[in-house]
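The values are calculated or read from the model by the stated rules, or taken from the named source; none is laboratory data. Keep in mind that what you see is a predicted model, and the values were worked out from it rather than measured. Because the Cβ atoms are built from the backbone with ideal geometry, glycine has one as well, and the counts that use them run over all protein chains shown.
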Amino acid sequence: MTGRRNFTGKGARCTENYLEFAKAMLAASKFALVLLSAAVLIRCLRSLLSEKLEPEIWAYLRVGRETLPVSHWENTVGQSRSADLRVDRPGIGRVHAVLTRSDRGLWRIFDVFSKGGVWVNGVKVGEQGAPLEHGDVVNLAGTNARFLDTTPEKRGNLAHARTSAGHSISPALTLVDLTLFQLCLLLQHVLSARREELSAIALGFLTLILLQWCCYVAMRLINRSGFEVETLAFYLTSLGMSVAASSTPEDLYKQILLTAAAVALFLFFGWWLRNLRRTALMRVPMALAALALLAVNTAFSEAVFGARNWLEFGGYSFQPSELVKVAYIYVGAATMDRLYRRKNLFGFIAFSAVCVIALALIGDFGTALIFFISFLVISFMRSGSIATVFLAVTGAGLAGFLAVSVRPYIAQRFASWGHVWEDVYDTGYQQTRAMSAAASGGLFGKGAGSGWLKDIFAANTDMVFAMVCEELGLFVGVCMVLAVLVLAFFAVRSARHGRSAYYAIAACAAMSMQLTQLALNVFGSMDILPFTGVTFPFVSRGGSSLLSCWLLMAFIKGADNRRDASFAVRPADQDSGRRPEPEDRKAGRA
Amino acid sequence: MKKITNRAFSVLLIAALVIVGMTVYVLRYVDHGRDWALYFSRANSGSAGELIDRNGISLAAFSGGESRFAGDALTRTANYHVTGDYWGRSSTGLLSSYWSEMQGFDLLTGTTQAESSILRLSIDSKLNTEAYEALGADRKGAVLLCDYTTGELLCMVSGPSVDPADADAVPGEGAYINRCLSSVFVPGSVFKLITAAAAIEQIPDIESRSFYCEGKTSIAGVDIICSGEHYTQTFEQALSNSCNVAFAQIAVLLGQDTMVRYVTEYGFLDKHDLDGIPTAAGSYPTEFVGDPELGWSGIGQSTDMLNPYALLRFVSAVGNGGVLCEPRLLLDDEEPEVSRYMPAETAERLKQMMNYNVVSHYGGEERFPGLRLCAKTGTAELGDGTSHAWFAGFLDDEKHPYAFVVLVERGGGGLTVAGELANTLLQAAVRR
């Protein structure tokens, strides 16, 4: 027992008994932490893997005797094997047309620079596309197809036939496991914390438990049953709470408030994403806001240990780059009609370049790298062009070389990479201590709050993986990484069913951002990569980072359209807002 | 959509890299976790440990994240090469070499506290302090003293040293090297003890031979210079005169193979192990060299290099009648490790000769009052006008069975410099 608690009065025997008891409790809770972590992860993973591929059906396209179900809001029509609606007739291009549905239920068809042309009811479709209604005849380079829309009732019936989320694995039981996990963490902290910090720590974990159950009940009330993403996010947030309780117990109340705010923002942002039109309309303002934030940051920020990525704001400091991450994905993701009409990525590349250069100017090279990887993922998903990716990598390589030669401290990090044990008092200071602490925890850890790394600068941010390994053990450390991996698998899987390319791209970009951040954090502190000093998603201490992580989860919820799974997705039989006015329809048809 | 969602696998590529990275980490953890963990967690972990000397004086202790050394700077500095430090600057100190015993590690539980983490040392820290003061802060050197009947090492001092508790201390050149264990030096005349031991066993009429010295001799046309003109002398007188002429001739008489065999058997070419701390191996010409070079090697020149600790083993075996009690640093209940080092007759004859050295040439009772001393000096010329001062031997005294080696690097004359220091050391050891 290495507790910091002082025992007074009561007599030695009583203390001795207590110590024995505490020791046994600690040992038991260490095993419980590992088992419960595994249970939470396995249940979430199984729940995701056991879902069958059951596409939603929004309309039908009848070509001759064949009836093709339209299973997305954005569909390519053409001869290509990868076309969503494959029409293999002479004269039809590989990707001939794009068929889209708005979240008001209005369909449109676009001619994607086809040779054979597209006509709706005999009227040639221009570049701006043409509206499409139930029973309309679409002529694709001489092949006639009839478009059959679905009624809300029909869609309701179709949706009902799909398996609902949480069908095979009960999310409530997973949440019970998570709650037990949090209680075990709390127990370990109670055994090691100072008396005056106990109430804050207890409040922290109990708030978390309350928050997650409130979220769960709210979901059930609106008849939603997919809770894996939230469960994993709460799992990681609990680890973050544990790290905060160990390292900065005096700031815990702030952390609790920020956690609550982060969850609230996540719910709001998820709700915002429900409406694709609204979401897409706000892309330009969002881009401008991001640029403004970066500009303010570049101009007014204070340098904190090399990087000037902090803004002081009425006693609170925050990192604008964290919020820009969310905006970046929000702006970078795009709907498919846009992708096919404007093939070039020029606007997005320019936006990305400004972001990355601003971050480099601020000196936040870790975040710049994260943006760059996300840029690669987004631009690849948008264009499918390996050439663009290759060009970007070459350009970034040159820029990186320039950065290294201009900023000596970055060159130094590269120089010490792989040799940290040769200079444990200077260039290898943080990494060697992180590695030593992580190893000294063994597989089960020294117990929450009982490590020594927490007293070292940046232990709870850049070296947080080591801190978790030291206090909670390598098993929990690995589970922490696995939790993010499961989220990534989930994002990729959800993307396949996605209604719109926007949600698919956003979810994948969000997770590639998180994965890159994780890799730089863990492998940087463990000397497998150069040390860049970025945060671990959810777990590293820092309010802005926690906010952005939760906001990014909303993108994943937006892509999850298993039946009744996500609050960020409207049920199939509901359309947004009012049906369009008759004038709109006429104007569209003219 | 299909096309775009297919490209979502680029995210899985990043995920795969993360999995590869984690695998690398886990493999490295299995491989190096122990080294990593023990590097810093020594003083940082909750475990406790202490180093105490043979009289119960605490030299270093750590517990609950706090670490400390002995109270006064002189004790800390004098004993630095025994304790080492918490940061591994001196690789031979006990704090560096004994972590795994004072604090355990296994992959399953990480660092663990050993049941008994108090190490009792055979060292007498006060004797160390006196020896360190006698050596002086400015001189480089090595002082070793052990009980040859038990092997317990009572004194081990290396200069220059450093105060481990003083973060601002400027260490002298090579202060982190323990010259007793980790260094080798040109032996000069102390090496004649080894040549003499070989001669006693291998040249049957050695005692009846006489050696003539007129200041130099010529071996195969190469001159070997002596320190004086000793004229006709017996074997015993030749050792006490430290006559280069006589011992160069003896070495040639023995032949290189015999010399190499003896140097090897006595363990001068080996790395030894002082309770887990490795020592440096000495050297001797083992490849064929001509007679002149062999002559030089027999008097401790040529390419001869000697480790002070290896010499301590030799003199303590001679003192103990040819039986070596392997020196040790830790006081525990284990029996001393005993082995036959040389025949008793050889040891007895060497002892007589070394005693004759002291009585007839080194000033006997006058220079070493009250000591029944058997010893040999060495003034190892380095060719640049300076010389290492050596003095090695033992007390022929049942109550004070001490063997010792004193070396002052570039200190000057063996008797005047190292002999003086040895007297101070032995008087202090006998007094205690």
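Screening A:ASN309 with (1) closer than 22 Å to A:TYR502 by Cβ; (2) crowded, with 22+ Cβ neighbours inside 10 Å; (3) modelled with pLDDT under 80 gives one miss only, at (1).
Annotation note: of B:LEU421, B:LEU407, B:LEU371, the sole residue that is in a loop (DSSP other than H, G, I, E, B) and either in contact (Cβ under 8 Å) with a residue 24 or more places away in the chain or of a type outside the set (Lys, Arg) (or both) is B:LEU371.
Name the helices (runs of 4 or more DSSP H) wholly inside the stretch A:426-499 in which the number of residues that are more than 7 Å from chain B (Cβ to nearest Cβ) and over 30 Å from A:ILE556 (Cβ atoms) is 2 or more.
Working: elements: A:429-440, A:464-472, A:474-497.
In the stretch A:426-499, A:429-440 are the helices (runs of 4 or more DSSP H) which contain 2 or more residues that are more than 7 Å from chain B (Cβ to nearest Cβ) and over 30 Å from A:ILE556 (Cβ atoms).
Looking at A:ALA145, is it among the small types (Gly, Ala, Ser), in contact (Cβ under 8 Å) with a residue 24 or more places away in the chain and out of contact with any Pro (no Cβ under 6 Å at 6 or more places or on another chain)? Yes: the conditions hold for A:ALA145. Applying the selection to the stretch A:511-535, what residues are touching a residue at least 40 places away in the same chain (Cβ under 8 Å), among the hydrophobic types (A, V, I, L, M, F, W, C) and in a helix (DSSP H, G or I)? Correct list: A:MET511, A:MET513, A:LEU520, A:VAL522.
Please work out which residue is farthest from A:TYR330 (Cα to Cα), limiting yourself to the stretch A:372-406 and to residues that are in a helix (DSSP H, G or I) and of a type in the set (Ser, Thr, Tyr).
Within the stretch A:372-406, the first condition is being in a helix (DSSP H, G or I), and the residues that meet it are A:372-383, A:386-406.
Subset that is of a type in the set (Ser, Thr, Tyr): A:374, A:379, A:383, A:388, A:394, A:405.
Numbers: A:SER374: 12, A:SER379: 13, A:SER383: 17, A:THR388: 21, A:THR394: 26, A:SER405: 33 Å.
Filtering the stretch A:372-406 for residues that are in a helix (DSSP H, G or I) and of a type in the set (Ser, Thr, Tyr), the one farthest from A:TYR330 (Cα to Cα) comes out as A:SER405.
Against the list (1) out of contact with any Ser or Thr (no Cβ under 8 Å at 6 or more places or on another chain); (2) at pLDDT 95 or above, the condition B:TYR284 fails is (1).
Kindly indicate which of A:PRO90, A:PRO171 is over 14 Å from A:TRP58 (Cβ atoms), surrounded by 18 or more Cβ atoms within 10 Å (Cβ to Cβ) and not small (Gly, Ala, Ser).
The unique qualifying residue is A:PRO171.
With a requirement of 2 or more residues that are small (Gly, Ala, Ser), the helices (runs of 4 or more DSSP H) lying completely within the stretch B:186-292 that satisfy it span B:192-202, B:235-241, B:244-254. Determine whether the stretch A:537-548 contains at least one residue that is charged (D, E, K, R), more than 7 Å from chain B (Cβ to nearest Cβ) and farther than 30 Å from A:ALA245 by Cβ. No, the stretch A:537-548 contains no residue that is charged (D, E, K, R), more than 7 Å from chain B (Cβ to nearest Cβ) and farther than 30 Å from A:ALA245 by Cβ.
So which residues in the stretch A:413-425 are of a type in the set (A, V, I, L, M, F, W, C), within 12 Å of chain B (Cβ to nearest Cβ) and not in a helix (DSSP H, G or I), if there are any at all?
Step one: of the stretch A:413-425, the residues of a type in the set (A, V, I, L, M, F, W, C) are A:414-415, A:417, A:420-421, A:424.
Of the ones still in play, those that are also within 12 Å of chain B (Cβ to nearest Cβ) are A:420-421, A:424.
Selection gives A:VAL424 alone.
Just one of (1) in contact (Cβ under 8 Å) with a residue 60 or more places away in the chain; (2) in contact with a Ser or Thr (Cβ under 7 Å, 6 or more places away or on another chain); (3) hydrophobic (A, V, I, L, M, F, W, C) fails for A:LEU208. It is (1). Restricting B:GLY378, B:GLY413, B:GLY385 to those that are in contact (Cβ under 8 Å) with a residue 60 or more places away in the chain and of a type outside the set (S, T, N, Q) reduces the list to B:GLY378. Considering only residues in the stretch A:451-470 that are among the small types (Gly, Ala, Ser) and more than 19 Å from A:LYS30 (Cα to Cα), the one that is surrounded by the most Cβ atoms within 10 Å (Cβ to Cβ) turns out to be A:ALA459. The set of residues in the stretch A:503-526 being in contact with a Ser or Thr (Cβ under 8 Å, 6 or more places away or on another chain) and either over 17 Å from A:SER566 (Cα atoms) or at the interface with chain B (Cβ under 7 Å from one of its Cβ atoms) (or both) consists of A:ALA504, A:CYS508, A:ALA509, A:SER512, A:MET513, A:THR516, A:GLN517, A:LEU520, A:ASN521, A:GLY524. Listed conditions (1) surrounded by fewer than 16 Cβ atoms within 10 Å (Cβ to Cβ); (2) more than 21 Å from the chain's Cα centre (by Cα); (3) closer than 30 Å to B:SER158 by Cβ are all met by B:LEU239, apart from (1).
Within the stretch A:72-84, if we keep just the residues that are surrounded by fewer than 21 Cβ atoms within 10 Å (Cβ to Cβ) and in contact with a strand residue (DSSP E or B) (Cβ under 9 Å, 6 or more places away or on another chain), the residue that is nearest to A:ALA572 (Cα to Cα) turns out to be A:SER82.
Can you confirm whether the stretch B:53-70 contains a residue that is surrounded by fewer than 22 Cβ atoms within 10 Å (Cβ to Cβ), assigned to a loop (DSSP other than H, G, I, E, B) and either within 7 Å of chain A (Cβ to nearest Cβ) or modelled with pLDDT under 90 (or both)? Scanning the stretch B:53-70 turns up at least one residue that is surrounded by fewer than 22 Cβ atoms within 10 Å (Cβ to Cβ), assigned to a loop (DSSP other than H, G, I, E, B) and either within 7 Å of chain A (Cβ to nearest Cβ) or modelled with pLDDT under 90 (or both).
Candidates in the stretch A:1-43 are the residues that are among the charged types (D, E, K, R), surrounded by fewer than 18 Cβ atoms within 10 Å (Cβ to Cβ) and modelled with pLDDT of 80 or more; of these, the one that is nearest to A:VAL478 (Cα to Cα) is A:LYS23.
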